[in-house]
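Undergrad: Got a structure for you, questions after.
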Amino acid sequence: MTLRSRSIAIHGESGVDHGDQKERQRLLAQRKAMVEANKAGFGRAEWIISALFLGALLLFPVLGWRLDSTLNLLSQWLDGWYLGNLPLLLALAGVALLGTQIFRRRKLSALLDALHLDDMDFCLRESCFIKYYKELKQEYKELDEKFKQLQDETRKLFKQIVNAEQHIEHMASVSGAIFWEADTAFKVRFVSKTATSLFGHAHNSLTGHSITDILTSMDDQCPKEEITAQLMRGEPISCFATSLVPKTGAPVRSVLDAAPLRDDQGTIIGISGVITPLTRRLSGNASFEHWSELVLGKEGAKEGGFFRDSAILDRILTEQTRKVSQETEGAAYQISGQIQELDKHVSDMMQLLTEATNWTQSQGGASMSVAKQDREAIGNLQNFVQGLRHQKEQETERARQVIDQIEGLYRLVEIVRGISEQTNVLALNAGIIASRTGENGKQFLVVASEVRKLSGQVKDAADRIDNGIAESVANIQSLFTDNTGSLAAEKEEAFLQRTAQQMTEMGKNYSKLLDFNDEILRKIVDWNATLSNKVMNMLSGLQFQDIARQQIEQVNRALSYRQEYVTKLQSLYGQKEEAMRGVEPFNIDILTKGYVMAGQRTIHYEQTGRQQKREEAAPQIQLF
Amino acid sequence: MKVIFIVDDSGTMLMSLEGVLSKAGFQVEKADSGEAALTKLKTGLVPDLMITDYNMPGMNGVDLIREARKLPALKFKPMLMLTTESQLERREEAKAAGATGWLVKPVQPPELLGVIKRVIPGA
């Protein structure tokens, strides 16, 4: 170690004490004392040992004199031993002295080590020190020149560092960001002046503070502890909504980017980072400010901004779709219940029909023989009726023949009557002529009168024949009638009675079946009416689909509005101020115009926290 | 048989109402938009009752009723609004346009048929 470095170690670089002044002063004082002690050649230890030894030399004879024979013996022994061993004693004294010197030198060496001085160079005697000092002065001169050179280089380097700092300050100023640097204990070493302009902190006032004290984070993914932990693991970090704590006012929304600094060996020697406010005030970019106001809302304001309202919209739509889901689930349950009722209803009817079928079959077995008899009876009756008809036809034919004959006779009788009348007329004429002819005609008159009598008899005979014919016809007719009644009267009567009984039985059975059918029909009519009602109810349940559809359409409209707004924001980014004019902020309240149900409005106002206009409860059905 | 004319842009609603009304013994005519309904009315359809939805694309139910009332044959025919809307302002608007009544979906068949019996003479 050179004298200069020694000197610097004691006095510091610029001649002013740095570091722990008290400790240095203590060491210097201690060194001074040691030097003083070494200059004298005797230190305290030496004085004590010498005093002890001298004391022993002087006191032992005195002590030996005071004590008894044991001590006399001891003193004699000591005298003998003492005198005989004086060189040894002296040697021992010399060793003791030497030992203390060694001890002191070691202590001085430790002290000199603390003072970063080479104990071999340190001279215990003043003259040696002075001589060494002259040599050291020469060395110091040489070193001083080197130091000056080094200083120049350091100055140049420092200037470069200052230039770099100015460069960093310029970059910070242009970009509107805050550049910062901290040591491995996260104590801030450098903060650019933009911290003053953006956050109101006095220049260098943040230096020395821990970065966790000066940062504020609203990013759930980036708590402050995680920032330091990740950086110490050697990983860079980027955090949204993390910024410097401002001197006054609300935090400026910023993005933090930081990374560890490493030396040539890769060891982490510090942290550097950038805090970029999302609003570039320094640049005075009005369009960006306006754009960020649309996205984030007004600076420091609680409400407004696309992000915030979009999150509210998500909650509104979630609640509205949950309501739709619940309602459709309810409707589905209702319809499902109606289907089950319908199914039961059909089952009931099927059971009824099964019972009817069973009953009919059971009845059918018993009535088979009856039906067979009925069929036989009906068959017999049919045969009988047919036979009767045939018989009747024959008799009718015979009677017709007789009547034809009689009609023939009638014609004959009419002819005879006609002849009789004509004869009568002739006779009259003959009489008249005869009366006119006188005597000769008198005989003729008699003949005419006889003819007239004959004609009258003929007419009478014709009349009698006529009556006789009529009587015969009447007889035939009555005979005809009697014939049908008397021909097979007895056996027919029996047969017909039997047939009538069977018919009555048949009638009863059919009556039973008719009653049963009536009952079945009645039940079917009732069932049909019930079925109709149930189907009607199920059909009306389909209304829920329309209600759900309207609500979901509204959700889609809201999503479309948001998507359009996102597209608009994307297109506006980086545009000039004029493009932003007239662009309205994202407004979820305009969606209320499309709401058709009270439930939608209620959910909207609940989620936005705004007071709902009271809606009067209106009846479900109202006739004006 | 009485004729009921139903107007709704939802196919499901038309199916539902047609099923209920035809089972109740009515003859049902349908239209799926305000414009189509008005065309049918102008070309000779004279129903005993018209039931229309409120929210439809294009011509809504209120406008349909307002236009239908201008037709002489329909001036005094009953016209009901069947809708999900519940706001009183909308009802007043429908009443002013000439609606006979207002029903809020969903409406149960007995209630619907009850209203129909009241508004159609002789139903």
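Undergrad: Heavy-atom accessible area of residue A:312 with all protein chains present, probe 1.4 Å, nearest 10 Å²?
TA: We get 10 Å² for residue A:312.
Undergrad: Which of the lysines could a cross-linker span from residue A:453 if the Cα-Cα distance has to be under 20 Å and same-chain partners fewer than 8 positions apart are dropped?
TA: Result set, ordered by chain and number: A:442.
Undergrad: What does the buried accessible surface come to for B and A, summed over both chains, with the probe at 1.4 Å? Round to 100 Å². Could you put the intermediate results ahead of the total?
TA: Details: alone 6400 and 41980 Å², together 45440 Å².
Buried area between the two chains comes out at roughly 2900 Å².
Undergrad: Tell me the mean residue ellipticity at 222 nm calculated for chain B from its helices only (DSSP H runs of n ≥ 4, each -39500 (n - 2.57), averaged over every residue, nearest 500). Display every interim value, and only then the final one.
TA: Values: 5 runs with 51 residues, N = 123.
Helices in chain B give a 222 nm mean residue ellipticity of -12500 deg cm²/dmol.
Undergrad: Largest first, how would A:499, B:39 line up by accessible area (1.4 Å probe)? Working shown, then result.
TA: Working: A:499 10, B:39 80 Å².
Most to least solvent-accessible, the answer reads B:39, A:499.
Undergrad: Work out the FRET efficiency for residue A:310 and residue A:351 from their Cβ-Cβ distance, taking R0 = 51 Å, and round it to the nearest 0.05.
TA: On the way: r = 61 Å, r/R0 = 1.19.
It comes out at approximately 0.25.
Undergrad: Ok, one more. So between residue A:149 and residue A:501, what do we pick up on full extension, going 0.36 nm a residue minus the alpha carbon distance?
TA: Working: separation 352, 0.36 × 352 = 126.72 nm, distance 15.52 nm.
That pair, residue A:149 and residue A:501, stretches by 111.2 nm at full extension.
Undergrad: If you don't mind, there's one more thing I want to ask. Could you state how much accessible area residue A:102 has, in square angstrom rounded to the nearest 10, with a 1.4 Å probe and all protein chains kept in place?
TA: For residue A:102, the solvent-accessible surface is approximately 90 Å².
Undergrad: Within 10 Å of each candidate Cβ there may be at most 12 other Cβ atoms; applying that plus a DSSP loop requirement, which trypsin sites (Lys or Arg not before Pro) in the stretch A:173-243 survive? Let's see the in-between values first.
TA: Values: sites: A:187, A:189, A:193, A:224, A:233; in loops: A:193, A:233.
In loop regions of the stretch A:173-243 (DSSP not H, G, I, E or B), the sparsely surrounded trypsin sites (Lys or Arg not before Pro) are A:233.
Undergrad: Please give the Cα centre distance for the stretch A:513-528 versus the stretch A:440-472, rounded to the nearest Å.
TA: Measuring centre to centre over Cα atoms gives 83 Å.
Undergrad: Listed here are the pairs B:2/B:105; B:2/B:70; A:22/A:224; A:323/B:77; which of them are more than 32 Å apart at the Cα?
TA: Values: B:2/B:105 23 Å; B:2/B:70 22 Å; A:22/A:224 38 Å; A:323/B:77 38 Å.
Over 32 Å Cα-Cα: A:22/A:224; A:323/B:77.
Undergrad: Run the numbers for residue A:405 and residue A:48: contour at 0.36 nm per residue of separation, minus the present Cα-Cα distance, in nm.
TA: Details: separation 357, 0.36 × 357 = 128.52 nm, distance 20.48 nm.
Between residue A:405 and residue A:48, full extension yields 108.0 nm more.
Undergrad: Now a separate question. Amide H of residue A:261 versus every other amide H placed in the peptide plane: which residues, excluding those fewer than 5 positions away on the same chain, fall under 5 Å?
TA: A:269, A:270, A:271, A:272
Undergrad: For B:102, A:359, A:291, A:180, write out the residues from largest to smallest accessible area, computed with a 1.4 angstrom probe and no ligands counted. Kindly include the intermediate steps, with their values, before the conclusion.
TA: Working: B:102 0, A:359 85, A:291 50, A:180 20 Å².
Ranking B:102, A:359, A:291, A:180 by accessible area, largest first, yields A:359, A:291, A:180, B:102.
Undergrad: Another question, if that's okay. May I ask for the net charge around residue A:386, where only other residues with Cβ less than 12 Å from the Cβ of residue A:386 are counted and Lys, Arg are +1 while Asp, Glu are -1?
TA: Working: positive: A:389, A:392; negative: A:393.
Here the charged neighbours net out to +1.
Undergrad: Tell me the label-point distance for the pair residue A:581, residue A:105, using the 7 Å Cα-to-Cβ offset, in nm and rounded to one decimal.
TA: Roughly 9.5 nm, to one decimal.
Undergrad: Averaged over peptide A:528-537, how many Cβ atoms belonging to another chain are found within 10 Å of each residue's Cβ?
TA: Partner Cβ neighbours, averaged per residue: 3.
Undergrad: A follow-up question, please. Convert each backbone phi in the stretch A:499-511 into a coupling constant with the Karplus relation 6.51 cos²θ - 1.76 cosθ + 1.60 (shift: θ = phi - 60°), then list the ³J(HN,Hα) values in order as whole Hz, x for Gly and Pro.
TA: Karplus-based 3J(HN,Hα) across the stretch A:499-511 equals 4, 5, 4, 4, 4, 5, 4, 4, x, 5, 4, 5, 4 Hz.
Undergrad: Compare A:416, A:191 by solvent-accessible area with a 1.4 Å probe and give them largest first, with all protein chains kept in place.
TA: On the way: A:416 55, A:191 15 Å².
The residues order as A:416, A:191, largest area first.
Undergrad: Counting only the backbone N, which residues of the stretch A:503-539 are under 19 Å from the spot 7 Å out from the Cα of residue A:360 toward its beta-carbon?
TA: Answer for this model: A:507-528.
Undergrad: Same structure again: R0 = 56 Å: FRET efficiency of residue A:514 with residue B:46, Cβ-based, nearest 0.05?
TA: Values: r = 46 Å, r/R0 = 0.83.
That pair, residue A:514 with residue B:46, gives E of 0.75.
Undergrad: Please compute the net charge surrounding residue A:463, taking Lys and Arg as +1 and Asp and Glu as -1 over other residues with Cβ under 15 Å from its Cβ.
TA: Working: positive: A:417, A:459, A:464; negative: A:414, A:421, A:460, A:466, A:471.
It works out to a net charge of -2.
Undergrad: If you don't mind, another one. Excluding ligands and nucleic acids, what accessible area in Å² is computed for residue A:552 using a 1.4 Å probe, to the nearest 10?
TA: Rounded to the nearest 10, the figure is 80 Å².
Undergrad: Can you check what the net charge comes to around residue B:119, using other residues whose Cβ is under 12 Å from the Cβ of residue B:119 (Lys, Arg +1; Asp, Glu -1)? Present the calculation step by step, with values, prior to reporting the outcome.
TA: Details: positive: B:2, B:77, B:117, B:118; negative: B:48.
Summing Lys and Arg as +1 and Asp and Glu as -1 gives +3.
Undergrad: Return the lysines within reach of residue A:372: Cα separation strictly under 27 angstrom, same-chain partners fewer than 8 residues apart disregarded; answer none if there are no such residues.
TA: The reachable lysines, counting only those whose Cα sits under 27 Å from residue A:372, are A:491, A:508, A:512.
Undergrad: Next question. How far, in nm, would the chain grow between residue A:592 and residue A:471 when pulled straight, counting 0.36 nm per residue and subtracting the alpha carbon separation?
TA: Numbers: separation 121, 0.36 × 121 = 43.56 nm, distance 11.36 nm.
Roughly 32.2 nm would be gained on extension.
The values are calculated or read from the model by the stated rules, or taken from the named source; none is laboratory data. If you're wondering where the values come from, they're calculated on a predicted model, not measured in any experiment. Here Cβ is always computed from backbone atoms with ideal geometry, including for glycine, and neighbour counts include all displayed protein chains. Surface areas here come from the heavy atoms of the whole protein model, side chains and all, with no ligands, DNA or RNA. Shrake-Rupley method; radii C 1.70, N 1.55, O 1.52, S 1.80 Å.
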